[in-house]
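Each remark here refers to the structure printed beneath this line.
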Amino acid sequence: MKSRKQSSKTTQNAEKNKRSLLFGLGFGIVFGFLLHKGGATKYDIIVAQLLLTDFTVLKIMLSAIVTGMIGVYFMKSMGWIELSLKSGSVGKNVIGALIFGVGFAVLGYCPGTIAGAIGNGYLDAIVGGLAGIILGTWIFAVVYPKIKDGILKKGAFGDITLPRLLKVNDWVVVLPASALIVLFLFWIEKAGL
């Protein structure tokens with residue numbers, strides 16, 4: 001039988017998890033809205049990015065990376081969150097890149113833009129994108145037991161981050177990386193791309 005203390009802690013953890021899910025849902029909705037407003041859920045804009053004639057998608061994603069990087073490390077430094085890193089490997093990156101690349105090449109959407117395009121009611125995203133996500137997830141789940149101890153472990157590098165690798169404070173990497181991305185964004189905009 002659980003003690004009152006254990007029961008109270010379980011209730012607090014459940015509330016914390018519920019709050020985290022609601023925050024995640026809220027941020028997901030805002031991100032989807034911004035993807036839509038930026039035009040990144042439109043097939044033509046994505047294809048133009050792939051053809052290097054319109055850099056809207058790159059601008060949106062780099063802006064999201066800077067915002068996310070600063071936001072996550074700010075929340076970490078305030079003690080509001082703890083990072084839970086997954087270990088990586090070259091094999092995982094290659095398999096992930098192949099799955100992502102095939103889906104992107106076939107349909108012209110990435111997972112985030114598929115969700116936004118489904119929200120817009122685009123038929124190609126609903127039929128091809130949603131079916132592709134479900135089918136791809138199922139195929140990976142079926143194949144995973146066979147590859148988890150093989151190719152997915154090739155070139156394992158653990159749960160390393162650049163600040164850990166360099167043995168420096170997170171901000172020594174975050175601030176210069178953010179500044180470089182922002183300068184690159186200004187250059188792209190000034191070049192008219």
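If we count other beta carbons within 10 Å of each Cβ, what is the order of R164, R19, fewest first? Before the final figure, lay out the partial values.
Working: R164 13, R19 10.
The most exposed by this proxy come first: R19, R164.
Only helices at least 24 Å long along their own axis, judged from Cα atoms, and with Kyte-Doolittle mean hydropathy of 0.5 or greater: name those in the chain from DSSP H. Please report the intermediate quantities before stating the final value.
Working: long enough: 4-38 (50 Å, -0.41); 56-77 (31 Å, 1.41); 90-107 (25 Å, 1.87); 130-147 (25 Å, 1.73); 170-190 (30 Å, 1.67).
Going by DSSP H runs, the hits are 56-77, 90-107, 130-147, 170-190.
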* Rounded to the nearest Å, what's the spacing between the alpha carbon centres of the range 155-190 and the range 27-74? Just the number, please. => 19
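Report the FRET efficiency, 1/(1 + (r/R0)^6), for V172 and Q12, where r is their Cβ-Cβ distance and R0 is 35 Å, rounded to 0.05. Walk me through the numbers before you get to the answer.
On the way: r = 35 Å, r/R0 = 1.00.
Rounded to the nearest 0.05, the efficiency is 0.50.
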* Asked: Length gain on complete extension for the stretch T161 to A191, per 0.36 nm per residue less the alpha carbon to alpha carbon distance?
  -> 7.5 nm
* Which Rg and Dmax, in Å, describe the Cα atoms of the chain? -> 20.0, 68
* Segment I181-A48, extension gain: residue separation times 0.36 nm, minus the distance between their alpha carbons -> 45.8 nm
* With a sphere of radius 12 Å drawn around the Cβ of W80, what net charge do the other residues whose Cβ falls strictly inside it have (Lys, Arg +1; Asp, Glu -1)? -> +2
* Pair K37, A131: separation of 7 Å Cα→Cβ label points (nm) -> 3.4
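Readers should treat all values here as calculations from the given coordinates under stated rules, not as data from a laboratory. Everything numeric in this text was worked out from a predicted model, so none of it was measured. Glycine also receives a Cβ, built like all others from the backbone with ideal geometry; neighbour counts cover every protein chain displayed.
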